[in-house]
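Below is one structure; the comments refer to it alone.
The values are calculated or read from the model by the stated rules, or taken from the named source; none is laboratory data. Just so you know, these numbers come straight off a predicted model, no measurement behind them. Backbone-built Cβ (ideal geometry, glycine too); neighbour counts: all protein chains shown.
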Amino acid sequence: MTSPPGAAAPAPAAVPGDPAPDLRVPASLLPADGRFGSGPSRVRAAQVEALTGIATTVVGTSHRQAPVMDLVRRARTGLAALLGAPDGYEVVLGNGGSTLFWDVAALGLVREQAQACVVGEFSAKLAAVLTAAPFLADPEVLSAPYGSRVLPASRSGVDTYAFAHNETSTGVLTPVHRPAGADDDALVLVDATSAAGGVDVDLAEADVYYFAPQKALASDGGLWFAVCSPRALARVEEVAALGRWTPASLSLPLALASSRKEQTLNTPAVVTLALLVDQVEWLLAQGGLAWAAARTAESSGHLYAWAEQRVWARPFVADPAHRSPVVGTVDLLAPVDATAVRRVLRANGVVDVDPYRALGPDQLRVGMFPAVDPADVQALTACVDWVVERLA
Ligand SMILES: *Cc1c(COP(=O)(O)O)cnc(C)c1O
C-alpha cells in the first residue's frame, strides 16, 4: 500500500551485511505513491476502489452473460477511441499477455518471412519466436546496440515488419511508420506493450498494434489486445487458409470471432479487464491520448533533464530523439553505487526502479506511464539526490 503524502515512511529493513546505511528519506521528499515499475506498473487507487462497485455484480459471474460482455465491449470501444483506430480497424483480445501473442502472430499473421528490429530484450524475444517457428523462413533481423535503435526498412519478400514502439528493457522509442516501399499487403506488426495509451501514435501506420494491459494502461497482467487493420484482418483469413496446424488457444480466427461477440475463447481475467476499462475511460475523460502523451512527456522531460544536470548521472539512451517518454533509463556513474541507491529507495517505499534483469546494473529504470503523476517523478529525483548525497 502507498502512504499518503507526508506520512511516515516505513523504517528501513536492516539487511545483514547491507552496505547501505539505515537512511530514512524525509517524508516531505517522498512521492505520494512510490511505485515506478515499468510493468507491472502503478495502478491508481481509484481503479482498485472502483472494483468494489462490481464486486458482486460482475466479478464471479459468467463471462457469457451481459455484465462481463459489457466490460469487454467497453474495453474494445474505449481502446479504439483512445488509440484513434481508423474506420475498419478491430480490437481483438485473448488470454495470455504479449508473450503469448508473439506465438499467435507467428502462427496466424506471418505468411512466410518477417523482418524483426531487435533493440533490446523484448524485441529479441520476438525475433527468437519467429526464428524458431518451423513453418516460417528465418526472419531478417536488423539489430542496433542496446540504447539505440534501428528502423524497419522495406525489402522484397518480407511480408511482416515487426518492431517495438517502446522497448521496455532499454527505454528506446521507435516511431510507428510503415516502411516506405513495403509491399502493399505487408503487415506492420508493432509491439506496443509499454507504449499503448502513453505515447502518441497514428494507427494508420500500423496493421497490428498489440499490447498487454499491465504497463502503460495501469491494469494487471493476463490478457493481450491487438488493434488490427483491414489489411491484417485479410491476412488472418489468408494464413488460416494455408492449413497450418494451430492450437485453438493461439488461433486468431477464433479470437476474432469471440471478440466480435464481446467474449474471449476461454474465461478471461475479469478483474484485469475491469481495471483496464477504468483506466481507459479515465484517460478519455482527462483528454485522451494527447493528454496522456503530454503527461508522460512532462515526467520524462524532467527525468532526463535532471540526469543531464548531474555529474554522476547520464541518460542511458544517448540520442535524445530515441528516448522513451514512458520508460526512462538513467546510468549512475562511479563512485555512486546504483545498487545501494535502489536498496535505500526500496527500504523507503520507493520501488521497482531496477534495470531490466542483467541489463545495465548501474541503472535506474523509471516507469512514467500516465498513472504516474509528474510531481511524483520530481519527488523521485529529489529522493535520489538526497540518497546519493548521504551515501557519498
Ligand atoms: C512486458 C513486455 C512484453 C511481455 O508482456 P507479457 O504480458 O508479460 O507477456 C512484451 N513486449 C514488451 C515491449 C514488453 O514491455
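Between PRO320, PRO374, the distinction of being within 27 Å of ASP202 (Cα to Cα), modelled with pLDDT of 95 or more and in contact with a helix residue (DSSP H, G or I) (Cβ under 6 Å, 6 or more places away or on another chain) belongs to PRO374 only.
Residue pairs whose Cβ atoms lie under 7 Å apart, sitting 6 or more positions apart in sequence or on different chains, and linking a residue in the stretch 125-142 that is closer than 12 Å to ALA105 by Cα to a partner that is of a type in the set (D, E, K, R), are LEU126/ASP191; VAL129/ASP103; LEU136/GLU112. The criterion of being in contact with a strand residue (DSSP E or B) (Cβ under 9 Å, 6 or more places away or on another chain), touching a residue at least 12 places away in the same chain (Cβ under 8 Å) and at positive phi does not hold for GLY88. Filtered by the rule that a residue be under 13 Å from VAL330 (Cα atoms) and among the polar types (S, T, N, Q), the stretch 357-392 gives GLN363, THR381. Take the stretch 298-313 and flag every residue that is under 13 Å from GLY171 (Cβ atoms) and either outside the structural domain of ASP385 (by the TED database) or not small (Gly, Ala, Ser) (or both). Residues satisfying the conditions are LEU303, TYR304. Considering only the stretch 223-246, how many residues are modelled with pLDDT of 95 or more, over 16 Å from ALA162 (Cα atoms) and assigned to a loop (DSSP other than H, G, I, E, B)? Number of matching residues: 5. In the set ALA85, ALA81, only one residue is farther than 30 Å from VAL384 by Cα, of a type in the set (A, V, I, L, M, F, W, C), in a loop (DSSP other than H, G, I, E, B) and within 22 Å of the chain's Cα centre (by Cα); that residue is ALA85.
Restricting the first member to the stretch 248-277 and to residues that are more than 22 Å from ALA50 (Cβ to Cβ), and the second to residues that are acidic (Asp, Glu), the beta-carbon pairs closer than 8 Å and six or more apart or on different chains are LEU250/ASP103; PRO253/GLU237; LEU256/GLU90; SER259/GLU90; ARG260/GLU90. With of a type outside the set (Asp, Glu), under 22 Å from the mean Cα position of the chain (by Cα) and at pLDDT 95 or above as the only criterion, which of SER154, SER143 stands out? Every option except SER143 fails the conditions.
Take the residues in the stretch 58-103 that are among the charged types (D, E, K, R) and more than 16 Å from the ligand (Cβ to nearest atom), then tell me which one is farthest from THR193 (Cα to Cα). Looking at residues that are among the charged types (D, E, K, R) and more than 16 Å from the ligand (Cβ to nearest atom), I get ARG64. Here SER249, SER259, SER219 are screened, and the one residue that is of a type in the set (S, T, N, Q) and within 13 Å of the ligand (Cβ to nearest atom) is SER219.
Does the stretch 178-187 contain any residue that is more than 10 Å from the ligand (Cβ to nearest atom) and touching a Pro at 6+ places or on another chain (Cβ under 6 Å)? Yes, the stretch 178-187 contains at least one residue that is more than 10 Å from the ligand (Cβ to nearest atom) and touching a Pro at 6+ places or on another chain (Cβ under 6 Å). Has the stretch 332-349 got any residue that is farther than 27 Å from ASP202 by Cα and in contact with a Cys (Cβ under 8 Å, 6 or more places away or on another chain)? Yes, there is a match, as at least one residue in the stretch 332-349 is farther than 27 Å from ASP202 by Cα and in contact with a Cys (Cβ under 8 Å, 6 or more places away or on another chain). Considering each residue of the stretch 145-153 in turn, none proves to be among the charged types (D, E, K, R) and away from the ligand (no atom under 16 Å from the Cβ). Here is the figure for the stretch 198-213: residues that are touching a Lys or Arg at 6+ places or on another chain (Cβ under 9 Å) and either closer than 17 Å to PRO325 by Cα or within 13 Å of the ligand (Cβ to nearest atom) (or both) total 1.
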